[in-house]
C-alpha cells in the first residue's frame, strides 16, 4: 500500500480514535453528572397508575384537526359494568371533560326491556337511545337523519339535501379490546343508526367477513334472535340447565317473543327518547339535605344569650 494513502486516510482516523478514548467526555466522565441526573424518574399519571386511562389512545382522540380552528373533537364513550351499558357523548375542555348527553341500559325498562341489560341487544339500544337524545339536544330531529334502510345495513350519516351536517363524534372504547364482533361496536352501530356521524368501517361488526357486513347475521344479533333460538333449544334439550340460565328471563317475558320486544323498543325510543325525571325527586333531595345538614355553630353573643335565658329560668323556678 502506498505511503501517501496511509498518511492521508488511515493515520488521521487512528489518531482521532485514540484521542477520543483518552480525553474526558461530558457524557462519560462521572464527575460531570450532577445529583439530578440520577433522580429524573417521572411518575406516570394517576389514572395510568390506576389502570383507568390509555393516554396514548386519549391523546390521539383529542388531537384537533388543524384546518378546523376551535372545533373540539367529541367522543362517543362506551363502557360496560356488571349490571349495565353506559354510553355518553363527551367533549374535552381545558378544565376537564364535559358530558353533553348520557344514556345507560337501565333506562330501557321504560321501553319494555327489563331483562338482559348487558347483552348485545341492550348495547345497540343504549347507543340508539343516546343518538336520539343527541338529535333532540341539538334540534336535528327534523333534519331527516338516521338509517331508514334495513336494520343491520352498513350506515354512516352524511349531510342531508339541505347541506346540514350531522353531529360528529369518534368512538372511545377505553381499555376494551377491539375484537371482531365486540359489543362496543354494536353500541356505536346504534348511535350511528340514530343519526350521529361516527366514522367507522364494517369489518369489526358481528358476522362481518372480508370487510363486508352480513346484514342478516347482524340484524339477528341486534334483535336477539340468536338468544331466542339458543334459549328455546336449551329448554327442549336440557330443562335443568335452562332453568339455571333463563329462569329469571322466562319469568319476566315470553322467550319466543324476544325479537318482537326489541323491535317494538326501537320504535318507542324514536317516539320519546327523553329521560324521565321522578316527579318528587327535587323534594326528596331537599328533604335528605335538610335531614343531614351540618349544624351551624353559634356565635359568642348567641351562646351568652342562651346561658342568661337558662339562668333566668332557674331563678324563676326557685
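The values are calculated or read from the model by the stated rules, or taken from the named source; none is laboratory data. The shown structure was predicted, so the numbers you read here are calculated from the model rather than taken from an experiment. Every residue, glycine among them, receives a Cβ derived from its backbone with ideal geometry; neighbour counts consider all protein chains shown.
Some points to look at:
- Residues in segment 84-128 that are part of a strand (DSSP E or B) and on the phi > 0 side of the Ramachandran plot: 96 only.
- Of the helices (runs of 4 or more DSSP H) lying entirely inside segment 205-318, those containing at least 3 residues that are crowded, with 16+ Cβ neighbours inside 10 Å and under 31 Å from the mean Cα position of the chain (by Cα) are 215-222, 225-237, 258-271.
- Test: residue in segment 112-123 that is under 22 Å from residue 58 (Cα atoms) and touching a residue at least 12 places away in the same chain (Cβ under 8 Å): no
- Among all positions in segment 169-178, there is at least one residue which is touching a helix residue (DSSP H, G or I) at 6+ places or on another chain (Cβ under 8 Å) and more than 22 Å from residue 102 (Cα to Cα).
- Qualifying residue in segment 183-198 (condition: in contact (Cβ under 8 Å) with a residue 40 or more places away in the chain, outside any helix (DSSP H, G or I) and loosely packed, with under 13 Cβ neighbours inside 10 Å): no
- Residues that are surrounded by fewer than 19 Cβ atoms within 10 Å (Cβ to Cβ) and in contact with a strand residue (DSSP E or B) (Cβ under 9 Å, 6 or more places away or on another chain) were ranked within segment 91-105; the one that is farthest from residue 251 (Cα to Cα) is 92.
- Selection status of residue 279, in contact with a strand residue (DSSP E or B) (Cβ under 9 Å, 6 or more places away or on another chain) and under 30 Å from residue 129 (Cα atoms): no
- Any pair with Cβ under 8 angstrom, 6 or more apart, that starts in segment 288-307 at a residue that is without any contact (Cβ under 8 Å) to a residue 40 or more places away in the chain and ends at one that is surrounded by 10 or more Cβ atoms within 10 Å (Cβ to Cβ) and assigned to a helix (DSSP H, G or I): 298/306
- Which listed residue is exposed (fewer than 10 other Cβ atoms within 10 Å of the Cβ), under 26 Å from residue 200 (Cβ atoms) and at pLDDT 85 or above, from 53, 67: 67
- If you go through segment 129-162 and keep only what is part of a loop (DSSP other than H, G, I, E, B), surrounded by 12 or more Cβ atoms within 10 Å (Cβ to Cβ) and without any contact (Cβ under 8 Å) to a residue 40 or more places away in the chain, you end up with 138, 144, 155, 159, 160.
Results for (1) surrounded by 11 or more Cβ atoms within 10 Å (Cβ to Cβ); (2) within 24 Å of residue 108 (Cβ to Cβ); (3) out of contact with any helix residue (DSSP H, G or I) (no Cβ under 9 Å at 6 or more places or on another chain); (4) in contact (Cβ under 8 Å) with a residue 12 or more places away in the chain, shown as yes or no for each residue.
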site: 45; (1), (2), (3), (4): yes, no, no, no
site: 59; (1), (2), (3), (4): no, no, yes, no
site: 77; (1), (2), (3), (4): yes, yes, yes, yes
site: 84; (1), (2), (3), (4): yes, yes, no, yes
site: 87; (1), (2), (3), (4): yes, yes, no, yes
